[in-house]
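Notes follow the structure.
The values are calculated or read from the model by the stated rules, or taken from the named source; none is laboratory data. All of these numbers come straight from a predicted model, not from anything done at the bench. Note that each Cβ is placed from the backbone with ideal geometry, even for glycine, and that neighbours are counted across all protein chains shown.
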Amino acid sequence: MKNSNLYSLLSSFNKETCKKFQDFLKSPYLNTNNKATQLFELYLKTPEKKLEKPFLHNKLYPNEDFKDDKLRLVISRLYNLALEFLRLEGFRRTKTSQHLLLHELNLLNQYKIFDQQYRKANNTSLLETLQLEEANFYLATKINPRQSTNNLQELSNSIDDYFLFQKLKYSCELYNRKQILDKEYDFSFLENILQYLHNHPPKYPPTYLYYQLLKLIRANEEPQFFLIKKLLQTQSKEVHKKELKNMYVFLMNFCVKQINANNTKYYVELFDIYKSLIKNEIIIEEETIGLGDFKNIATVGLRLKELDWVQEFTEQYTSYLNEQHQESAKSYNLARICFVRSNYKDALKLLRNVDYSDVYFELGSRVLLLKVYYEQEDIDLFPAQMQSLRTYLSRSNEVSDYQKSLYLNFLRLIKKLFRFKGGNKRGLKEFKEELKQTSNVVDLEWIKEKAMEFNF
């Protein structure tokens with residue numbers, strides 16, 4: 001069972017999801033297979049090492065000889081029930097199900113109730129509006145196929161609105177990936193749309209925001225950034241929380257590009273965006289904050305020397321992380337704070353609590369260890385840690401070639417810094433000039449700061 005899709009799926013359920021799935025399995029309307037329910041109970045109560053087929057078969061069928069086919073049927077049934085449970089959870093979360101109710105009422109010829117429910121379904125998403133207009137159109141044509149006063153125009157308008165929203169939203173993503181991945185896409189149809197929108201700006205606030213974001217991504221102009229930042233602040237109530245976060249991601253990408261171009265004032269802008277996302281709970285989805293967001297927020301705060309703020313953020317929001325990452329994430333952030341405060345002893349102590357099973361924590365901790373040994377001028381541990389990180393990069397299959405290049409560039413530069421720190425200043429002038437043209441390096445700002453500490 002441990003190598004099955006079922007085990008992989010169930011192991012991704014948290015405690016709350018497991019409880020909901022238990023309730024799902026107990027419903028006779030949703031599940032009539034008692035063996036599937038028993039198998040899930042066994043999964044919850046049994047240590048991982050014991051989850052072998054003979055053990056499970058003996059528990060489910062105690063007085064029968066082992067039959068692999070019989071057990072596989074139960075495993076398959078529980079797996080399909082888990083998928084059905086996830087479909088139901090997704091259905092509840094999307095909140096775009098009103099049209100399905102209207103469809104069922106239409107089939108039952110319940111026109112009065114249909115009309116009541118249709119009128120209740122206002123102020124929904126563009127997709128829901130389109131689905132409702134479509135359901136209403138089918139009902140109208142069913143009652144009177146020749147009726148000329150049906151909602152065909154409203155349906156057509158809904159199609160246009162939904163299309164424009166989706167087209168602009170994903171055009172933003174396409175242009176973003178084009179710039180990041182240097183990949184070409186066909187935008188010919190988009191040009192016709194933009195020409196139309198130039199004279200007919202979108203009225204739906206989220207569509208208008210994506211229209212302005214697309215302008216920013218295409219032109220990369222600072223005034224457009226500040227225009228959108230202001231629009232997002234004033235129109236946030238008109239945009240779904242998840243959509244709002246997506247829009248802010250494009251703004252944050254702009255900040256990162258500016259920072260990479262040595263426009264360091266955008267650290268402040270990026271930090272301001274993160275604080276806004278935290279204050280308005282936009283960055284938290286389903287009581288969870290992403291590990292990447294948690295790390296990036298701390299990184300930007302530390303770059304701006306907002307140490308107390310980062311410490312308070314770490315203490316307050318660690319519980320919003322996936323439980324398996326909480327101790328490592330907290331220890332890693334606090335270790336970085338100690339490092340910035342030159343408290344290297346405590347930084348090393350905290351790094352011992354970081355779990356290396358996650359590639360993000362392993363790379364971050366290895367780099368931080370190297371920086372600590374650099375500051376301590378440890379001539380034994382510094383080269384040993386350099387070689388350890390180099391070996392890890394060469395052997396790891398979890399780190400992309402691009403990421404490996406970033407870390408290898410860091411190793412090359414910090415090795416030179418360590419030589420300068422030891423008193424050998426040969427090549428220092430050329431090194432500083434090299435840094436002015438250097439990019440694609442992990443922790444490049446720290447490298448530059450350290451280089452500025454040396455005189456010719």
>> For segment 226-263, which positions are small (Gly, Ala, Ser) and crowded, with 17+ Cβ neighbours inside 10 Å?
In response: Ser236
> Which members of segment 167-220 meet the condition of being over 27 Å from the mean Cα position of the chain (by Cα) and either of a type in the set (S, T, N, Q) or within 17 Å of Phe254 (Cα to Cα) (or both)?
Replying inline: Ser188, Asn192, Gln195, Asn199
> For segment 417-433, does any single residue satisfy the condition of being under 31 Å from the mean Cα position of the chain (by Cα) and of a type in the set (A, V, I, L, M, F, W, C)?
Replying inline: no
>> Please determine whether any residue of segment 255-267 is assigned to a helix (DSSP H, G or I), touching an Asp or Glu at 6+ places or on another chain (Cβ under 9 Å) and among the charged types (D, E, K, R).
In response: no
> Within segment 253-276, is even one residue touching a helix residue (DSSP H, G or I) at 6+ places or on another chain (Cβ under 6 Å) and of a type in the set (D, E, K, R)?
Replying inline: yes
>> Which pairs turn up if I take residues in segment 32-48 that are among the β-branched types (Val, Ile, Thr) and look for partners that are buried (at least 16 other Cβ atoms within 10 Å of the Cβ) with beta carbon separation below 8 Å, at least 6 apart in sequence or on another chain?
In response: Thr37/Leu25; Thr37/Asn31
> Within the set of pairs 6 or more residues apart or between chains, which connect a residue that is crowded, with 16+ Cβ neighbours inside 10 Å inside segment 294-313 to a residue that is of a type in the set (D, E, K, R) with Cβ atoms less than 7 Å apart?
Replying inline: Ala298/Arg336; Leu302/Arg336; Arg303/Glu445
> Looking at (1) part of a loop (DSSP other than H, G, I, E, B); (2) modelled with pLDDT of 95 or more; (3) aromatic (Phe, Trp, Tyr), which is the one condition that is false for Tyr374?
Replying inline: (1)
> Somewhere in segment 325-336, is a residue buried (at least 20 other Cβ atoms within 10 Å of the Cβ) and more than 30 Å from Asn280 (Cβ to Cβ)?
Replying inline: no
>> Please go through segment 349-366 and give me each residue that is in contact with a Phe, Trp or Tyr (Cβ under 9 Å, 6 or more places away or on another chain), part of a helix (DSSP H, G or I) and hydrophobic (A, V, I, L, M, F, W, C), ordered by number.
In response: Leu350, Leu351, Phe361, Leu363
> Do any residues in segment 60-84 that are farther than 14 Å from Tyr7 by Cβ have Cβ atoms under 6 Å from those of residues that are of a type in the set (A, V, I, L, M, F, W, C), where the two are at least six apart or on different chains, and which pairs are they?
Replying inline: Arg77/Ala36; Leu81/Ala36
> Going through segment 366-424 one residue at a time, which ones are free of Cβ contacts under 8 Å to residues at least 24 places away in the same chain and at positive phi?
Replying inline: Gly423
